[in-house]
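Trainee: Right, I'll just put the structure down here and ask away after.
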């Protein structure tokens with residue numbers, strides 16, 4: 001059995017159906033999810049500050065900028081929305097995506113974007129350069145392209161969850177529907193899609209961002225989904241390898257105890 005298959009087995013054994021059960025399953029991962037996702041695009045985010053806000057709803061001896069602090073606090077609120085929405089079995093639709101992006105970005109839009117009419121929780125009104133040479137979908141096409149993407153994801157077989165998640169994330173980042181926060185919103189929405197379909201959520205580790213960006217670019221330039229799917233598969237293994245090892249040690253100990261006379 002591969003490490004990836006072990007991660008799937010471990011997750012399926014948890015039989016998660018409620019928000020409380022999901023919170024328990026992610027108890028040791030929630031801070032890491034927020035830290036890595038935030039740090040990919042904001043290098044000022046630290047694990048210490050993220051843990052302080054998630055565990056104590058505040059920070060001590062903070063010397064960073066306020067926007068970074070708001071981004072971490074927003075990540076906590078978005079995670080709470082993630083759990084609550086799973087408990088309600090909300091679909092991954094336009095309303096959910098807009099609410100998720102709103103939670104991640106409220107209070108962080110810069111003056112220029114605000115003066116241009118951009119608002120958190122609303123699709124972009126202007127073009128913003130993303131990737132090497134791309135500006136995403138034109139603002140006037142965003143609503144239609146997002147509707148088409150979400151329609152394509154209405155029916156997903158459990159064994160196709162990872163491929164569907166890779167497709168969603170590649171297309172979402174290519175469309176770049178919002179004025180800001182597309183990376184963080186796209187990664188959290190991708191994980192929501194995964195847990196809805198019985199697949200363990202994935203930390204995209206900030207130290208692997210170059211490989212991550214290269215995989216997204218493979219889709220942008222040639223509609224090649226294989227690099228991103230393979231990357232997400234390896235990140236699944238990396239995310240859950242410690243839990244897998246812990247589970248195997250526990251199983252080994254149990255087997256040894258049962259063999260004792």
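Every number here is computed from the coordinates shown, using simple stated rules; none is lab data. Since we're looking at a predicted model, the values are computed, not measured. When we count neighbours, we look across all protein chains shown, and the Cβ atoms used for this are built from the backbone with ideal geometry, even at glycine.
Trainee: Does the stretch 139-261 classify as rounded, prolate or oblate by the C-alpha gyration tensor (a ≥ b ≥ c root eigenvalues; a/c under 1.5 gives rounded; else a/b over b/c gives prolate, otherwise oblate)?
Mentor: On the way: a/c = 2.95, a/b = 2.22, b/c = 1.33.
Here the stretch 139-261 falls in the prolate category.
Trainee: What 222 nm value per residue comes from the helices of the chain, counting each DSSP H run with n ≥ 4 as -39,500 (n - 2.57) and dividing by all residues, nearest 500 deg cm²/dmol?
Mentor: Working: 12 runs with 173 residues, N = 261.
So the helix-based figure for the chain works out to -21500 deg cm²/dmol.
Trainee: In degrees between 0 and 90, to the nearest 10, how far off the longest principal axis of the chain does helix 47-56 point, with axes built from Cα atoms?
Mentor: 80
Trainee: Note down the nm distance, to one decimal, between modelled labels 7 Å out along Cα→Cβ at residue 238 and at residue 209.
Mentor: Placing both labels 7 Å along Cα→Cβ, they lie 1.3 nm apart.
Trainee: Same structure again: Pick from 233, 246, 124: which is most flexible by mean-square fluctuation in a GNM of the chain where alpha carbon atoms under 10 Å apart are linked?
Mentor: 246
Trainee: Measure nothing fancy, just the Cα-based angle from helix 3-14's long axis to the longest principal axis of the chain, in degrees from 0 to 90, nearest 10.
Mentor: Helix 3-14 sits roughly 80 degrees off the main axis of the chain.
Trainee: Over the stretch 73-162, what per residue volume does the convex hull of the Cα atoms give, in whole Å³? Don't skip to the answer; put the middle values down first.
Mentor: On the way: hull volume 12.2 nm³, N = 90.
Here the figure is 135 Å³ per residue.
Trainee: Additional query: Just to confirm my numbers, what's the Cα centroid distance between the stretch 224-242 and the stretch 157-202 in Å?
Mentor: 13
Trainee: Can you give the FRET efficiency for residue 226 and residue 112, using 1/(1 + (r/R0)^6), R0 = 45 Å, r = Cβ-Cβ distance, to the nearest 0.05? Mind showing how you got there, number by number?
Mentor: Values: r = 38 Å, r/R0 = 0.84.
That gives a FRET efficiency of 0.75.
Trainee: Right, another one. Helix 209-222 sits at what angle to the longest principal axis of the chain, using alpha carbons and giving 0 to 90 degrees rounded to 10?
Mentor: With rounding to tens, the tilt is 60 degrees.
Trainee: Give the Rg/Rh ratio for the stretch 200-254, taking Rg as the radius of gyration of the Cα atoms and Rh as the Kirkwood radius, to two decimals.
Mentor: On the way: Rg = 14.8 Å, Rh = 12.6 Å.
Radius of gyration relative to Kirkwood radius: 1.18.
Trainee: Choose one answer from 19, 65, 224: the residue with the largest mean-square fluctuation in a GNM of the chain with alpha-carbon springs under 10 Å.
Mentor: Evaluated over the chain, the most mobile residue of the options is 65.
Trainee: Which residue, 127, 49, 57, has the most motion in a Gaussian network model of the chain that connects Cα atoms within less than 10 Å?
Mentor: Judging by the Gaussian network model, the answer is 57.
Trainee: Can you check how the C-alpha radius of gyration of the stretch 1-82 compares to 2.2 N^0.38 Å, as a plain ratio?
Mentor: Details: Rg = 15.0 Å, N = 82, 2.2 N^0.38 = 11.7 Å.
That ratio works out to 1.28.
Trainee: How high is the relative contact order of the chain, in percent, with contacts defined as C-alpha pairs under 8 Å that are six or more residues apart? Numbers along the way, then the final one.
Mentor: Values: 296 pairs, mean separation 57.2, N = 261.
In percent, rounded to a whole number, it is 22.
Trainee: Hey, another quick one. Taking every pair of alpha-carbon atoms in the stretch 29-182, give the share separated by more than 28 Å as a whole percent.
Mentor: Working: 2825 of 11781 pairs.
Tail fraction, whole percent: 24.
Trainee: Decide, for the stretch 51-101, between rounded, prolate and oblate: order the square roots of the alpha carbon gyration tensor eigenvalues as a ≥ b ≥ c, take rounded if a/c falls under 1.5, and otherwise choose prolate if a/b is larger than b/c, else oblate. Don't jump to the answer; show the numbers that get you there.
Mentor: Details: a/c = 6.25, a/b = 2.11, b/c = 2.96.
Taking the square roots of the gyration eigenvalues as a ≥ b ≥ c, the stretch 51-101 is oblate.
Trainee: While we're looking at this one, here's another question. Kindly provide the Kirkwood hydrodynamic radius of the chain in Å, to one decimal, from all pairs of distinct alpha carbon atoms. Please list the in-between numbers first.
Mentor: Values: mean 1/r = 0.0518 Å⁻¹.
Result for the chain, one decimal place: 19.3 Å.
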